[in-house]
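K.L.:
Structure in structure tokens, see below.
The values are calculated or read from the model by the stated rules, or taken from the named source; none is laboratory data. Here the structure is a predicted model, which is why all the values come from computation and not from measurement. Don't worry about glycine lacking a Cβ; one is built from the backbone with ideal geometry, like all the others, and counts go over all protein chains shown.
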Amino acid sequence: LSERLSGVFDRLTKQGALSEDDVKTALREVRVALLEADVSLPVARDFVKAVQDKATGQAVTKSVTPGQQVVKIVHDELVHVLTGDEDPGKLKIDNPPAPILMVGLQGSGKTTTTAKLAKRLKERDGKRVLMASLDVNRPAAMEQLQILGVQIGVDTLPIVKGEDPVQIAKRAKTQASLGGYDVYMLDTAGRLHIDEELIAQAAAVRDVANPRETLLVVDGLTGQDAVNVATEFDDKIGVTGVVLTRMDGDGRGGAALSMRAVTGKPIRFVGLGEKMDALETFEPERISGRILGMGDIVALVEKAQETLEVEQAERMMRRFTKGQFNMNDLKSQLEQMMKMGGMEGMMSMMPGAAKMSKQMDGAGIDDKMLTRQVALIQSMTKKERANPALLQASRKKRIARGAGMEVSDLNKLLKMHRQMADMMKKMGKMGKGGMLKQAMK
Ligand code: GDP
Ligand code: MG
């Protein structure tokens with residue numbers, strides 16, 4: 001995406017705000033990127049439409065192109081859509097034994113994910129977990145789960161030949177209660193395609209187990225198809241969350257957006273390999289960057305916004321070292337102090353801090369004073385702020401009263417301003433190798 005976009009974006013002019021044309025041009029490419037990432041067509045279309053309304057008219061940050069800015073907005077919106085209300089890593093598994101039902105097509109990674117999740121619940125949450133395979137269709141399926149169970153040190157329900165899935169589910173429930181398990185996981189059979197029998201079987205198991213969580217396991221590489229699968233399972237079985245597997249592959253993970261947009265169900269985990277610890281909590285930021293293939297652009301825009309603030313700070317510092325430190329500067333310094341966590345935060349970042357800190361103690365500054373001092377400066381005229389020496393007794397009285405303070409407070413503030421201005425000037429004179437220069441790096 002980055003390459004293709006930059007071609008288009010280079011032609012865009014830099015303006016104060018994003019024009020409708022800027023946004024449209026950029027979003028055409030974004031739409032293609034979404035489709036390439038296997039986001040389903042209607043989802044991509046709706047998404048782009050929503051972003052278009054948000055982006056038009058937004059201010060463009062200096063030093064990035066309008067196109068890059070649009071991509072940042074797209075990224076933020078993607079993250080927004082992908083972020084659910086709940087913490088994806090936190091399953092509803094209070095009231096032991098809590099059943100978790102695993103559903104999905106054959107080969108999607110249900111059995112693997114069941115074991116991965118069991119391991120996670122055991123190790124992270126200290127849960128006692130029982131796993132049961134309900135897959136009576138494939139001969140080796142039950143043994144597969146059993147072997148994984150031994151490997152990760154999680155119990156599996158003993159295999160009894162000839163039972164149907166509902167019978168196994170009942171036995172798992174009983175065993176989980178009697179055995180004092182916190183969680184029991186039901187790993188169902190899948191088929192290559194959704195059909196009535198698959199759904200009927202899963203529904204019957206659901207009715208027996210009454211699961212707290214029903215996790216739909218979907219191959220993250222399947223793309224467009226994933227949406228139909230998700231819709232069907234959710235309609236017929238009722239899904240509480242989605243696990244995307246094979247996200248270690250080359251796929252762009254567009255299924256995440258489609259699935260979220262169409263079903264509204266949270267994506268809980270992603271599978272990142274065949275190993276038992278290759279399961280991670282879903283992170284919208286990461287998937288969003290991957291879908292757009294442009295993590296670098298987002299970082300760039302964020303950097304540009306930071307740089308702008310640094311540039312402003314540097315400009316101020318240069319003026320200070322020339323002895324130009326007026327009341328407006330003091331005001332923004334005071335406001336900055338409040339933002340940075342008061343005096344201590346500020347002092348730790350300033351050169352010559354120890355000495356100045358002592359002098360300011362004398363001037364009677366504490367964090368509560370900051371707000372009031374800003375108020376004092378605000379009561380001054382523009383001229384007075386530029387040159388506080390202009391202030392005469394009558395004006396001082398009025399300013400102090402206007403800010404609800406005493407003249408002595410104002411005098412302290414003025415004294416502090418003089419001291420700071422002196423200090424800045426001295427530090428500036430220390431020359432090229434001086435402290436200020438170094439502190440600015
Ligand atoms: P099930 O039929 O849904 O139970 O699928 P399985 O759990 O048996 O998995 C099918 C295959 O996919 C196995 O070879 C797994 O090792 C593999 N697999 C499962 N999850 C992942 C994953 O996240 N990444 C990769 N690369 N392979 C996976
Ligand atoms: Mg299986």
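K.L.:
Do we have any residue at all in segment 62-73 that's within 11 Å of ligand 1 (Cβ to nearest atom) and of a type outside the set (Asp, Glu)?
P.N.:
no
K.L.:
Do the conditions hold for Ala115, that is, is it among the hydrophobic types (A, V, I, L, M, F, W, C), within 11 Å of ligand 2 (Cβ to nearest atom) and surrounded by fewer than 20 Cβ atoms within 10 Å (Cβ to Cβ)? So that I can check it myself, show each step before the final result.
P.N.:
Details: among the hydrophobic types (A, V, I, L, M, F, W, C): yes; within 11 Å of ligand 2 (Cβ to nearest atom): yes; surrounded by fewer than 20 Cβ atoms within 10 Å (Cβ to Cβ): no.
Criteria not met by Ala115.
K.L.:
Taking segment 258-278 as the region of interest, how many residues are buried (at least 23 other Cβ atoms within 10 Å of the Cβ) and over 17 Å from Gly89 (Cβ atoms)?
P.N.:
First, pick out the residues of segment 258-278 that are buried (at least 23 other Cβ atoms within 10 Å of the Cβ): 258-260, 267-271.
Among the residues that remain, those that are also over 17 Å from Gly89 (Cβ atoms) are: 258-259.
The number of residues fulfilling the criteria is 2.
K.L.:
Can you pull out every residue in segment 219-234 that is among the hydrophobic types (A, V, I, L, M, F, W, C) and more than 13 Å from Thr263 (Cα to Cα)?
P.N.:
Leu221
K.L.:
Right, another one. If I go through segment 373-385 residue by residue, how many of them are loosely packed, with under 14 Cβ neighbours inside 10 Å and part of a helix (DSSP H, G or I)? Steps first, answer last, please.
P.N.:
In the first step, residues of segment 373-385 are kept if they are loosely packed, with under 14 Cβ neighbours inside 10 Å; the result is 378, 381-383.
If we keep only those that are part of a helix (DSSP H, G or I) as well, we get 378, 382-383.
Count: 3.
K.L.:
Does segment 35-46 include one or more residues that are over 22 Å from Leu221 (Cα atoms), surrounded by 23 or more Cβ atoms within 10 Å (Cβ to Cβ) and away from ligand 2 (no atom under 16 Å from the Cβ)?
P.N.:
No - not one qualifying residue is present in segment 35-46.
K.L.:
Starting from segment 104-125, keep only residues that are in the same structural domain as Thr240 (by TED's automatic domain parsing), then list their pairs with residues that are within 8 Å of ligand 2 (Cβ to nearest atom) and among the hydrophobic types (A, V, I, L, M, F, W, C) whose Cβ atoms are within a distance under 7 Å, requiring at least 6 positions of separation or different chains.
P.N.:
Taking only residues 6 or more apart or on different chains, the pairs are Thr111/Ala141; Thr111/Leu145; Thr114/Leu145; Ala115/Leu145.
K.L.:
Kindly provide the set of residues from segment 94-112 that are within 16 Å of ligand 2 (Cβ to nearest atom) and over 19 Å from Asp195 (Cα atoms), ordered by number.
P.N.:
Of everything in segment 94-112, those that are within 16 Å of ligand 2 (Cβ to nearest atom) and over 19 Å from Asp195 (Cα atoms) turn out to be Ile100, Thr111, Thr112.
K.L.:
I'd like to know if segment 150-163 contains one or more residues that are closer than 22 Å to Pro88 by Cα, modelled with pLDDT of 95 or more and within 16 Å of ligand 1 (Cβ to nearest atom). Full working, then the answer.
P.N.:
Keep residues of segment 150-163 that are closer than 22 Å to Pro88 by Cα, which gives none.
Scanning segment 150-163, I find no residue that is closer than 22 Å to Pro88 by Cα, modelled with pLDDT of 95 or more and within 16 Å of ligand 1 (Cβ to nearest atom), so the answer is no.
K.L.:
Being surrounded by 24 or more Cβ atoms within 10 Å (Cβ to Cβ) and away from ligand 1 (no atom under 12 Å from the Cβ) narrows it down to one of Ala255, Ala230, so name that one. Quick ask: steps written out before the conclusion?
P.N.:
Details: Ala230 fails: surrounded by 24 or more Cβ atoms within 10 Å (Cβ to Cβ).
Result of the check over Ala255, Ala230: Ala255.
K.L.:
In addition: State whether the residues of segment 192-207 include one that is over 21 Å from Arg138 (Cβ atoms), out of contact with any Lys or Arg (no Cβ under 6 Å at 6 or more places or on another chain) and in the same structural domain as Lys122 (by TED's automatic domain parsing).
P.N.:
Filtering segment 192-207 down to residues over 21 Å from Arg138 (Cβ atoms) leaves 207.
From the residues that got through so far, the ones that are out of contact with any Lys or Arg (no Cβ under 6 Å at 6 or more places or on another chain) too are 207.
From the residues that got through so far, the ones that are in the same structural domain as Lys122 (by TED's automatic domain parsing) too are 207.
Checking segment 192-207: at least one residue is over 21 Å from Arg138 (Cβ atoms), out of contact with any Lys or Arg (no Cβ under 6 Å at 6 or more places or on another chain) and in the same structural domain as Lys122 (by TED's automatic domain parsing).
K.L.:
Between Gly352, Gly362, which is at pLDDT below 80 and loosely packed, with under 15 Cβ neighbours inside 10 Å? Don't jump to the end; show me each part of the working.
P.N.:
Values: Gly352 fails: loosely packed, with under 15 Cβ neighbours inside 10 Å.
Selected residue: Gly362, the only one of Gly352, Gly362 that is at pLDDT below 80 and loosely packed, with under 15 Cβ neighbours inside 10 Å.
K.L.:
Follow-up question, since we're still on this one. From the list Ala176, Ala169, Ala132, exactly one residue is touching a residue at least 24 places away in the same chain (Cβ under 8 Å), away from ligand 1 (no atom under 16 Å from the Cβ) and touching a Phe, Trp or Tyr at 6+ places or on another chain (Cβ under 8 Å). Which is it? Show your work before the answer.
P.N.:
Working: Ala169 fails: touching a Phe, Trp or Tyr at 6+ places or on another chain (Cβ under 8 Å); Ala132 fails: away from ligand 1 (no atom under 16 Å from the Cβ).
Checking each option against the conditions leaves just Ala176.
K.L.:
Another question, if that's okay. Restricting attention to segment 291-305, does a residue exist that is at pLDDT below 85 and on the phi > 0 side of the Ramachandran plot?
P.N.:
Yes: one or more hits.
Let's see how each residue does on (1) modelled with pLDDT under 85; (2) within 16 Å of ligand 2 (Cβ to nearest atom); (3) touching a strand residue (DSSP E or B) at 6+ places or on another chain (Cβ under 9 Å):
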{"position": "Val242", "(1), (2), (3)": "no, no, yes"}
{"position": "Thr245", "(1), (2), (3)": "no, yes, yes"}
{"position": "Gly264", "(1), (2), (3)": "no, no, no"}
{"position": "Arg268", "(1), (2), (3)": "no, no, yes"}
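K.L.:
Considering only segment 121-170, state which residues are out of contact with any strand residue (DSSP E or B) (no Cβ under 6 Å at 6 or more places or on another chain), away from ligand 2 (no atom under 16 Å from the Cβ) and among the basic types (Lys, Arg).
P.N.:
Once the filter is applied, which keeps residues that are out of contact with any strand residue (DSSP E or B) (no Cβ under 6 Å at 6 or more places or on another chain), away from ligand 2 (no atom under 16 Å from the Cβ) and among the basic types (Lys, Arg), segment 121-170 yields Arg124, Arg128, Lys161, Lys170.
K.L.:
A follow-up question, please. Please go through (1) within 16 Å of ligand 1 (Cβ to nearest atom); (2) more than 22 Å from Leu216 (Cβ to Cβ) for Lys110 and return the number of the only condition it doesn't satisfy.
P.N.:
(2)
For (1) part of a loop (DSSP other than H, G, I, E, B); (2) at pLDDT below 95; (3) under 16 Å from Met102 (Cα atoms); (4) among the charged types (D, E, K, R), each residue gets a yes or a no:
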position: Ile168; (1), (2), (3), (4): no, no, yes, no
position: Ser177; (1), (2), (3), (4): no, no, no, no
position: Leu186; (1), (2), (3), (4): no, no, yes, no
position: Arg191; (1), (2), (3), (4): yes, yes, yes, yes
position: Ala200; (1), (2), (3), (4): no, yes, yes, no
position: Leu215; (1), (2), (3), (4): no, no, yes, no
